[in-house]
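K.L.:
Got a structure here, written out as structure tokens. Questions coming.
The values are calculated or read from the model by the stated rules, or taken from the named source; none is laboratory data. Since the structure is predicted, the reported quantities are computational estimates derived from the model, not experimental observations. Backbone-built Cβ (ideal geometry, glycine too); neighbour counts: all protein chains shown. Please note that ligands, DNA and RNA were not included when accessible areas were found on the heavy atoms of the full protein model with its side chains. Shrake-Rupley method; radii C 1.70, N 1.55, O 1.52, S 1.80 Å.
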Amino acid sequence: LTSWQADIDLSKAAIALARGRYTEAEAHFTSSIANTRDAIGKMKNWPEKPPAGGMENGNDVSLLRLGETKLAQGRIVEAEVDIRQALLSLLRRGGKYFGQTGQAVISLSTVLVEQGRYAEAEKLTRTALEIFRDLGIDETAAQINNSKRSLANILILQRRWQEAAKLYEEVFSNVQNNQDA
């Protein structure tokens, strides 16, 4: 039952987040995470279990979104705690070269930018790009282009104009090529 409630809360959180109702989204993410943790604890007694790690990975992504929701409300330290916790859990379960790990690294980078920690944010964004590339994600894919754009923005904040311009040109070229295809 808690598994179903977790899914309902997650859907409500996504709707609230899309509507910019961050406090409401936060409450639903928090409830979803608690219900999923409860379901994970009860799962050993289920006759048919979901694939190993699936619920845990989903819960880590929910925790990541909770952190992003707190960041949107200006609660930067709380956001960093949630995002770091999700990232560490994903790393323990899936390692560095795991689909959600790259996105968690980008989310942490965003928090660091908000704190003015540009050099650390740059390093994390470059790491996310490495993860996406090593996973075999195409150079023209959204994850790569969004990461390059984030990196360019960080370089601008460090007044590294020419490096940023080069990245923006790469993103523009990738998008243009995808439109022509």
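K.L.:
Which percent of the accessible heavy-atom area of segment 24-163 goes to carbon and sulfur, probe 1.4 angstrom? Don't jump to the answer; show the numbers that get you there.
P.N.:
Working: 3750 of 7010 Å².
Here carbon and sulfur together make up 53 percent of the probe-accessible area.
K.L.:
Work from the charge dipole of segment 1-151 (Cβ charges, +1 for Lys and Arg, -1 for Asp and Glu, about the Cα centre) and give the residue of S32, W4, M43 farthest towards its positive end.
P.N.:
Of S32, W4, M43, it is M43.
K.L.:
Related question: For the chain, take N as its residue count and report Rg(C-alpha) divided by 2.2 N^0.38 Å. Present the calculation step by step, with values, prior to reporting the outcome.
P.N.:
Details: Rg = 17.9 Å, N = 181, 2.2 N^0.38 = 15.9 Å.
My calculation over the Cα atoms of the chain gives 1.13.
K.L.:
May I ask you to derive the relative contact order of segment 58-181, considering only C-alpha pairs under 8 Å and at least 6 residues apart, and to give it as an integer percent?
P.N.:
Working: 140 pairs, mean separation 20.9, N = 124.
Normalised by residue count, the contact order of segment 58-181 is 17 percent.
K.L.:
Here is a follow-up. If you take every residue apart from D60 with its C-beta less than 14 Å away from the C-beta of D60, what net charge results, scoring Lys and Arg +1 and Asp and Glu -1? Working shown, then result.
P.N.:
Values: positive: R37, R65, R84, R92, R93; negative: E56, E68, D82.
Taking every Cβ under 14 Å from that of D60, the sum is +2.
K.L.:
Rounded if a/c is under 1.5, else prolate if a/b beats b/c, else oblate: with a ≥ b ≥ c from the C-alpha gyration tensor eigenvalues square-rooted, which is segment 121-181?
P.N.:
On the way: a/c = 3.02, a/b = 1.24, b/c = 2.44.
It comes out oblate by the Cα gyration axes.
K.L.:
Can you check what the net charge comes to around L87, using other residues whose Cβ is under 12 Å from the Cβ of L87 (Lys, Arg +1; Asp, Glu -1)? Don't jump to the answer; show the numbers that get you there.
P.N.:
On the way: positive: R84, R92, R93, K96; negative: D60, E80, D82.
Residues near L87 contribute +1 overall.
K.L.:
Can you show me the helix-derived [θ] at 222 nm for the chain, built from DSSP H runs with n ≥ 4 at -39,500 (n - 2.57) apiece and divided by the number of residues, rounded to the nearest 500.
P.N.:
Details: 8 runs with 145 residues, N = 181.
After summing the helix terms and dividing by the residues of the chain, the value is -27000 deg cm²/dmol.
K.L.:
Now for a separate question. Would you work out the charge dipole size for the chain about its Cα centre, treating the Cβ of every Lys and Arg as +1 and the Cβ of every Asp and Glu as -1, and quote it to the nearest 20 debye? Could the numbers behind the result be given before it?
P.N.:
On the way: 23 positive and 23 negative charges, 71 e Å.
Around 340 debye, computed over the chain.
K.L.:
Specify the longest stretch of the chain that does not include any exposed loop site, a site being one of the GluC sites (Glu not before Pro) with a non-H, G, I, E, B DSSP assignment and at most 14 other Cβ atoms within 10 Å. Spell out each step's value before the answer.
P.N.:
Working: sites that count: E48, E139.
Within the chain, the longest run free of exposed GluC sites (Glu not before Pro) spans 49-138.
K.L.:
Another question, if that's okay. Which value, in debye to the nearest 20, gives the size of the charge dipole of segment 104-156 about its Cα centre, when Lys and Arg are +1 and Asp and Glu are -1 at the Cβ? Numbers along the way, then the final one.
P.N.:
Details: 6 positive and 7 negative charges, 23 e Å.
Using only the charged Cβ atoms, the result is roughly 120 debye.
K.L.:
Per q in 0.19 1/Å, what log10 I(q)/I(0) does a Debye calculation on the alpha-carbon atoms of segment 1-106 return?
P.N.:
Taken in order of the listed q values, log10 I(q)/I(0) reads -0.95.
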